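The values are calculated or read from the model by the stated rules, or taken from the named source; none is laboratory data. Computed from a predicted structure; not experimentally measured. Note that each Cβ is placed from the backbone with ideal geometry, even for glycine, and that neighbours are counted across all protein chains shown. Ligands, DNA and RNA are excluded from the accessible area calculation, which covers all protein heavy atoms including side chains. Shrake-Rupley method; radii C 1.70, N 1.55, O 1.52, S 1.80 Å.
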Amino acid sequence: MTGQAPVTPRPGTTRPAPLPVRLRSAVEDALGRPAAQQPPWRDATAVRRVRAVLERVEEVVRVEEVDRLRARLAAVADGAAFLLQGGDCAETFAAATERHIAGTVGTLSHMAATLTSGGGLPVVTVGRIAGQYAKPRSAARDAQGLPSYRGDIVNAPDASPEARVPDPDRMLRAYVNSSATMAVVRALTATAPHGPGGPHLPDGGFYTSHEALLLDYERALLRAVGDAGDGPALYDLSAHFLWIGERTRQPDGAHIALAGLLANPIGLKLGPTATPEQAIEYVERLDPHHEPGRLTLISRMGSARVREVLPPIVEKVSASGHPVIWQCDPMHGNTERCGGFKTRHFDRIADEVRGFFAVHRALGTHPGGLHLELTGGDVTECLGGAQRLSGADLCHRYETACDPRLNGAQARELAGLVAELVRGAA
Ligand code: PEP
Ligand code: MN
């Protein structure tokens with residue numbers, strides 16, 4: 001499962017057709033715009049060779065699945081369902097094991113069951129899984145002065161200059177690992193009767209997502225499918241759901257432009273500097289047809305800012321009539337340092353979620369979802385929770401390749417608390 005298998009193009013008969021001219025030129029126009037956070041590849045020919053392979057492989061996900069998710073997300077936008085999304089900050093090739101995948105899927109399934117029974121709404125479950133391999137970095141160099149680790153799809157985390165050289169062949173390993181992970185996810189979440197310990201997915205659906213960050217990878221997984229009226233629609237079949245991160249949401253940049261072309265449902269992270277005017281520009285670019293659930297606005301303001309920064313954004317977007325999903329990421333605005341570790345405190349995470357619900361309850365909008373970094377494992381990366389993890393505990397099992405994740409117990413505890421908020425009892 002660690003990506004050593006050869007990547008074989010599909011037989012000629014089923015090989016995907018090249019994109020039709022209209023879509024190809026739209027994609028080229030989008031990708032011709034300034035793109036933040038792309039690796040400084042050394043060998044452009046090698047990148048093109050890898051892309052040519054990935055343009056012909058079996059896709060990681062299926063169009064029918066993406067369309068089913070679109071229908072489910074329309075219900076979330078209508079206030080009739082809740083969106084639970086979570087998984088590793090950064091997946092790694094080494095951790096693409098059945099045990100790790102089952103831990104993430106099992107934790108999300110347990111949380112979905114809690115939210116459904118306690119919250120009284122059906123839950124749409126989406127993993128940060130089967131492709132979450134690319135990371136944006138706030139600095140090009142790390143504390144030791146080495147080029148930053150940008151996720152396993154680009155370079156290796158080891159502390160040496162050689163490990164940090166961006167290697168285009170890693171995109172092939174990321175594809176193989178994503179497909180292998182997807183196969184495990186399918187086996188674990190098949191709608192056939194579950195064994196006693198199997199994941200219980202109340203609405204029967206489990207979908208995948210990752211940040212659409214590495215454009216050389218995402219563009220190679222684009223496929224033209226069906227007929228959207230004026231020709232085929234463009235799907236990115238690297239995942240069901242793709243989101244644009246806080247560091248790559250430049251309104252005139254390549255990431256926003258590419259996302260605007262996709263038929264997949266799209267997420268957009270909004271940090272504490274986001275303004276109502278920017279939010280309007282995004283909804284117009286990313287949801288021109290006012291499609292319910294097409295766009296998920298993922299606020300990650302921090303517990304101290306959410307009650308102040310989010311309301312004017314929600315008011316302005318609601319007045320525009322765009323039927324977006326409002327989702328809360330209570331992780332990324334609450335990162336702190338403790339004894340050399342990057343961490344987050346359970347209480348601040350819970351408080352941002354409470355603030356998010358309070359804002360939406362006051363405005364009469366639907367607090368539609370939760371976006372978390374979590375693992376099924378018993379890691380010690382976030383502080384607090386029922387186990388009362390302290391700064392001194394962090395060194396015991398701090399295993400993340402990037403940001404600190406809730407462990408299985410903390411994630412389930414948070415689900416219990418959020419279920420009460422969904423029901424309106426807290
Ligand atoms: C992430 O989701 O891991 C991430 C980098 O988030 P953000 O873009 O919100 O900082
Ligand atoms: Mn993260």
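Applying a threshold of 6 Å to beta carbon distances and a minimum spacing of six or more residues, or different chains, the list of pairs starting in region 45-61 at a residue that is over 21 Å from ALA130 (Cα atoms) and ending at one that is in a helix (DSSP H, G or I) reads VAL47/ASP216.
For (1) assigned to a loop (DSSP other than H, G, I, E, B); (2) over 17 Å from ALA90 (Cα atoms); (3) of a type in the set (Ser, Thr, Tyr); (4) modelled with pLDDT of 95 or more, each residue gets a yes or a no:
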{"position": "ALA362", "(1), (2), (3), (4)": "no, yes, no, yes"}
{"position": "THR365", "(1), (2), (3), (4)": "yes, yes, yes, yes"}
{"position": "GLY369", "(1), (2), (3), (4)": "no, yes, no, yes"}
{"position": "THR380", "(1), (2), (3), (4)": "yes, no, yes, yes"}
{"position": "ALA386", "(1), (2), (3), (4)": "yes, yes, no, yes"}
{"position": "ALA392", "(1), (2), (3), (4)": "no, yes, no, yes"}
{"position": "CYS402", "(1), (2), (3), (4)": "yes, no, no, yes"}
{"position": "ALA409", "(1), (2), (3), (4)": "no, yes, no, yes"}
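Taken as a whole, region 23-30 holds no residue that is more than 21 Å from the chain's Cα centre (by Cα) and in a loop (DSSP other than H, G, I, E, B). Listed by first and then second residue, the pairs linking a residue in region 114-128 that is over 18 Å from THR208 (Cα atoms) to a residue that is aromatic (Phe, Trp, Tyr), with Cβ atoms under 7 Å apart and 6 or more places separating them unless they lie on different chains, are LEU115/PHE82; GLY119/PHE82; LEU121/PHE82. In this structure, is SER209 open to solvent by 10 Å² or more (accessible area, probe 1.4 Å) and either at pLDDT 95 or above or under 27 Å from ALA46 (Cα atoms) (or both)? So SER209 fails the test.
If you go through region 325-347 and keep only what is within 15 Å of ligand 1 (Cβ to nearest atom), acidic (Asp, Glu) and not in a strand (DSSP E or B), you end up with just ASP329. The test for being in a loop (DSSP other than H, G, I, E, B), within 16 Å of ligand 2 (Cβ to nearest atom), on the phi < 0 side of the Ramachandran plot and crowded, with 16+ Cβ neighbours inside 10 Å does not hold for GLY376. Within region 74-91, being within 16 Å of ligand 1 (Cβ to nearest atom) and in a strand (DSSP E or B) holds for LEU83, LEU84, GLN85, GLY86, GLY87.
When ILE266, ILE298 are checked against the criterion of being within 28 Å of PRO39 (Cβ to Cβ) and more than 16 Å from ligand 2 (Cβ to nearest atom), ILE266 stands alone in meeting it. Applying the criterion of being assigned to a loop (DSSP other than H, G, I, E, B) and over 17 Å from ARG354 (Cα atoms) to the residues of region 289-322, the residue that is most open to solvent (accessible area, probe 1.4 Å) is HIS289. When region 227-285 is filtered for residues that are small (Gly, Ala, Ser) and either modelled with pLDDT under 95 or in a loop (DSSP other than H, G, I, E, B) (or both), the ones remaining, listed by number, are ALA228, GLY229, GLY231, SER238, ALA239, GLY245, GLY253, ALA263, GLY271, ALA274. A count restricted to region 388-426 and to residues that are in contact with an Asp or Glu (Cβ under 8 Å, 6 or more places away or on another chain) and open to solvent by 50 Å² or more (accessible area, probe 1.4 Å) stands at 4.
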